[in-house]
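Down below is the structure, laid out as structure tokens.
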Amino acid sequence: MSPRFDYPADWLCSTLRAVRDSARILALFLIALMPDPGVVNCGMIFADEFRLPDDRPVLDRDKLESCGLSVLESKHLILVTDAPLAEVQDLPVLADALFVELQRQLGSLKPDLNRRDFQLTGYVIGAKERFEEADVLPPESVVIRHGRHIGYQFWMNNQSSPYYRRHLLLHEFIHCFMMCEHGMADIPPLWYTEGIAECLATHELSEDIKSSRFGILPATLNGFEGWGRIAEIQTNMTELTNKPTQWQSLMSLECVRNPKDLNFASDLQYAQAWALVWLIRNHPELKPHFSPMSKARTRGEFRDVEKSVPAEVWQRLAVLWPLFLASLTEGFEVEHSFPPLNVAASKSPASEKLELQSGKEWQATGVLIKRGATVRLNCMGRYSVHNKPRPWISEPQGITIDYAYSRPLGEITAMLVAPGGSVCSGRIPIGREGSINAEVDSELWLQVNDSANSRSDNSGSASVEIRIQ
Ligand SMILES: [Zn+2]
């Protein structure tokens, strides 16, 4: 799924851009001399208005067939495979549906110099030797762990899970779409290119394939077998929140954006990349700042968008990140469960009171606890944590009819996040009263214990008194 090359340095990108721009000026000049640009096939020379030339080899369909390979074709995908047709027959139509969505969400592609439709050739591989015999595999140096893409072609190993087979194909399709204008070297950082591919490939198949939805967050585990991004986050979040150093080096926003391992090979890196891209594309307060990213194709364009996001938004995002990861679940309710962006913790009052809504996930107290200080919490009130068949009334200690995160539903719960988001605590049960000692300067966040996928049927609030000692 990953190009697995080290990210080129800025100076190299600049040089490549300068060479490319010179070639484009030359191309424009040559094209101006041509009687009909529509029939030009300049190969390496192309104008800024056009995407890269379609360099796919012409398929020898008789040879493919003699090697046991089938060819399925739609407007935007030629699929070559040895998989049973029942497994793959819908894939070209699904790719066409994705193409429409990509044009809508990421911007229309530049046209082809020869006015050809955008089309890819994808190889879904069961028995590799058949593809070797047909001479359609990439060079041996291109290792296919799951999937790989080069130019207008991609190769992927067939998957046993129907969902993940589709997902992987869509993921590689998106890479090709995003890199067909500027190539595979001058690209945004891998967390973004992999994250956007993961994000938009996550789909809900419709009976009418053309109406399938892309860029969704799975509502359930069923139907998304093999994907596992949320499970990967949940497992690591639980394991690492009580190990601050490891958390900082594996899960913090800084680590996701600037990872030490540039190979981008672990499932956790894919999961984080997906989660971050999904967050900035869906959080109502982050979306306006990050939406120009969807049009960025080169590293320079991407860096320009990054720089346009105010520093304080990046700082708040770093704090929101662990809170979001702690809440992430199938069916996450976007209307109720995102932590708010614009509530920096700056006060350390001796005493503070606030109302904690049961219908919201993590809520900012605005309270900063200095390193070594102790915060004492006293909670009271009655609120509901479900409304069917009738409201389930809870008090701050929670109710043991049901559990979330292995704790009673409705229990008042805290989480501490260091101002830069580099360290966070796990979920800290409070109940009616409790105290927490801060090992580093920390923002105090609170919630009524419940899942982020079932906040909408809660109502009422707890009253919480916060005292810092
Ligand atoms: Zn990928």
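The table that follows gives values for the structure above.
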{"item": "Criterion: without any contact (Cβ under 8 Å) to a residue 24 or more places away in the chain, surrounded by fewer than 22 Cβ atoms within 10 Å (Cβ to Cβ) and among the small types (G, A, S) - qualifying residue of S141, S161", "result": "S141"}
{"item": "Inter-residue pairs, beta-carbon under 8 Å, first acidic (D, E) and in region 96-111, second in a loop (DSSP other than H, G, I, E, B), 6+ apart", "result": "D96/S74; D96/K75; D96/H76; E101/G215"}
{"item": "Residue within region 209-226 that is part of a loop (DSSP other than H, G, I, E, B), at positive phi, away from the ligand (no atom under 16 Å from the Cβ) and in contact (Cβ under 8 Å) with a residue 12 or more places away in the chain present", "result": "yes"}
{"item": "Residue within region 183-193 that is at pLDDT below 95 and more than 29 Å from Q159 (Cα to Cα) present", "result": "yes"}
{"item": "Every residue from region 426-449 that is polar (S, T, N, Q), more than 13 Å from I412 (Cα to Cα) and crowded, with 23+ Cβ neighbours inside 10 Å", "result": "S442"}
{"item": "Matching entry among S308, S394, S406 (being free of Cβ contacts under 8 Å to residues at least 12 places away in the same chain and polar (S, T, N, Q))", "result": "S406"}
{"item": "2 or more residues modelled with pLDDT of 95 or more and more than 17 Å from H167 (Cα to Cα): qualifying helices (runs of 4 or more DSSP H) within region 68-154", "result": "91-106, 128-133"}
{"item": "Some residue of region 225-236 being closer than 14 Å to C199 by Cα, crowded, with 19+ Cβ neighbours inside 10 Å and not β-branched (V, I, T)", "result": "yes"}
{"item": "Test: residue in region 242-257 that is within 16 Å of the ligand (Cβ to nearest atom), touching a helix residue (DSSP H, G or I) at 6+ places or on another chain (Cβ under 8 Å), touching a residue at least 60 places away in the same chain (Cβ under 8 Å) and not β-branched (V, I, T)", "result": "no"}
{"item": "Which numbered condition K287 misses (of (1) within 15 Å of the ligand (Cβ to nearest atom); (2) surrounded by fewer than 17 Cβ atoms within 10 Å (Cβ to Cβ); (3) of a type in the set (K, R))", "result": "(1)"}
{"item": "Residue within region 174-187 that is within 29 Å of N453 (Cα to Cα), away from the ligand (no atom under 16 Å from the Cβ), part of a helix (DSSP H, G or I) and among the aliphatic types (A, V, I, L, M) present", "result": "no"}
{"item": "Meets criteria (in contact with a helix residue (DSSP H, G or I) (Cβ under 7 Å, 6 or more places away or on another chain), under 24 Å from L168 (Cβ atoms), assigned to a helix (DSSP H, G or I) and not acidic (D, E)) for I280", "result": "yes"}
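The values are calculated or read from the model by the stated rules, or taken from the named source; none is laboratory data. All figures in this text were calculated on a predicted structure; none of them were measured in a lab. All Cβ positions, glycine included, derive from the backbone under ideal geometry; neighbour counts span all protein chains shown.
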